[in-house]
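Any read-out appearing in this document is the output of simple, stated calculations on the displayed coordinates, not a laboratory observation. It should be emphasised that the depicted structure is a prediction, and the values quoted were computed from it without experimental measurement. Positions of Cβ are generated from backbone atoms using ideal geometry, with glycine treated the same way; all protein chains shown enter the neighbour counts.
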Amino acid sequence: MTNVIAFFPGQGAQQVGMLADIASDYSIIQETFAEASDAVGFDLWAMIQQGPADTLNLTYNTQPALLTASTAIWRVLQAQCPALNVVAAAGHSLGEYSALVAADAISFADAVRLVKRRGQLMDAAVPAGQGGMAAVLGLDEEQIRAVCDEAAIAGVVEPANFNAPGQIVIAGDTAGVAKGIEVAKAVGAKRALALSVSGPFHSSLMKAAAEEFNDALASVQWRAPAFPVYHNVDNQTATLEAIPQRLLEQLYSPVNWTGAVQAVRDRSDLALEIGPGKVLAGLVKRIDKTLDVETTGDSSALAATISRVQGA
């Protein structure tokens, strides 16, 4: 039995054409996308294969597309690696839903519909152009909080993603984020740049989406996870009773990815990034260089990961 930590990526991992090479090797990829397409009422596979990127990058399209992509790869791993044993899991923002699907805490169809609704509400919470996010490199958590405190004179600006030491994202209204970039550079940030996103995700400005999303969370059936899944909000393991509340809080609270990786670190020396891209593998290297991360986002990476798990 191969004990692994499972990491699931969030928004930003998507690209037009993703999983096309894997789908040619494993029929379960398109079968999973067909199931998701039935759940949301449009052809997800066609959208990610044909684009355009502007359509895929709409939050309410990105979220079901990425959840489906991660679930499809997870199903390939399950089929090819019967000795695979997940001892802990975490997902970055949207990826937390992928982790909960893998842990059988929610049905795949329910999760696809839920994240589509999540994307719609996140997109509608703040009018386009009135909010945003920025990545700040080279400052620690204490410095970022001080930057936000100083920049708050211009508008709302808050820490949103603690992605890795020295790599933190801030979010808020347009004026607040612009001031945050200015202050961060003034106090010595290596880089501070606005991100191409449609809103101030994981900030208090997302609370407008929470009331309606609470209804959506309550409308699905939840189960106790089959393996430990660590929440973004508090880096504690998910329980049947707390899952909906933690996912609700995740909308308007920072993603503590650094804390999540640290929380699962002692469970295994091998982690798998299950989904498109390799963003999380890069972040993990910044958090803990001793944790080995295999990726699965393209045919060659997936084949290498399967071979390693099968041979362990």
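For V255, nonlocal amide neighbours, meaning residues 5 or more places apart or on other chains whose placed amide H falls under 5 Å from its own, are N161, F162.
Ordering of 232-238, 41-47 by packing is 232-238, 41-47, highest average first (other Cβ atoms within 10 Å, averaged per residue).
Near A271: Cβ cut-off under 15 Å, other residues only, Lys/Arg at +1 and Asp/Glu at -1. The net charge is +1. In plain terms, the chain from A303 to K185 could stretch by 38.2 nm, reckoned as 0.36 nm per residue minus the Cα-Cα distance. Computed about its Cα centre, the charge dipole of the chain is approximately 420 debye, with only Lys, Arg, Asp and Glu carrying charge at their Cβ. Here the Karplus curve 6.51 cos²θ - 1.76 cosθ + 1.60, taken at θ = phi - 60°, turns the phi angles of region 258-271 into couplings of 4, x, 5, 5, 5, 5, 9, 3, 7, 7, 6, 9, 10, 10 Hz, with x standing for Gly and Pro. Hydrodynamic estimate: the Kirkwood radius of region 1-131 over Cα pairs, inserted into Stokes-Einstein at 10 °C and 1.306 mPa s, corresponds to D of 106 µm²/s.
Our summary gives the chain a relative contact order of 24 percent, counting only alpha carbon pairs under 8 angstrom and 6 or more residues apart.
Per-residue 3J(HN,Hα) values for region 137-150, derived from phi via the Karplus relation 6.51 cos²θ - 1.76 cosθ + 1.60 with θ = phi - 60°, read 10, x, 10, 8, 4, 4, 5, 5, 4, 5, 4, 5, 4, 5 Hz in sequence order (x marks Gly and Pro).
Under Stokes-Einstein, with the Kirkwood radius over Cα pairs standing in for Rh, what whole-number D in µm²/s applies to region 131-197 at 10 °C and 1.306 mPa s? Once the numbers are plugged in, D ends up at 145 µm²/s. Between the C-alpha center of region 1-79 and that of region 197-212 there is a gap of 24 Å.
Note on the chain: Cα-Cα pairs beyond 26 Å make up 43% of the total pair count. Full extension of the segment from S219 to R286, taken as 0.36 nm per residue of separation minus the current Cα-Cα distance, would add 20.3 nm. Multiplying the residue separation of D25 and L195 by 0.36 nm and subtracting their alpha-carbon distance yields 57.7 nm. Amide H to amide H, with H built 1.01 Å from N, G10 comes under 5 Å of H92, G95, counting only residues 5 or more places away or on other chains. Annotation: lysines with alpha-carbon distance below 20 angstrom to K116 (same-chain offsets under eight excluded): K207.
Taking a ≥ b ≥ c as the square roots of the eigenvalues of the Cα gyration tensor, region 154-312 is oblate, since a/c reaches 1.5 or more and a/b is not larger than b/c. With K and R counted +1 and D and E -1, the other residues having a Cβ less than 13 Å from that of A103 yield a net charge of -1.
Test of understanding: given the chain, find the longest segment containing no trypsin sites (Lys or Arg not before Pro) that are in a DSSP loop and have at most 16 other Cβ atoms within 10 Å.
Segment 1-189 is the longest.
Give me the net charge of D123's neighbourhood, meaning all other residues with Cβ under 12 Å from the Cβ of D123; Lys, Arg count +1, Asp, Glu -1. Its environment carries a net charge of +3.
Modelled label positions at F42 and L58, each set 7 Å beyond Cα in the direction of Cβ, lie 0.4 nm from each other.
Between the listed residues M47, Q262, L67, the Cα displaced farthest toward the positive end of the dipole of the chain, a dipole computed from Cβ unit charges relative to the Cα centre, is found at Q262. For region 154-163, backbone phi angles converted through the Karplus equation (6.51, -1.76, 1.60; θ = phi - 60°) give residue-by-residue couplings of 8, x, 6, 7, 9, x, 10, 9, 8, 6 Hz, Gly and Pro being listed as x. I'd like the distance separating the alpha-carbon centroids of region 151-178 and region 239-277, in whole Å. Measuring centre to centre over Cα atoms gives 21 Å.
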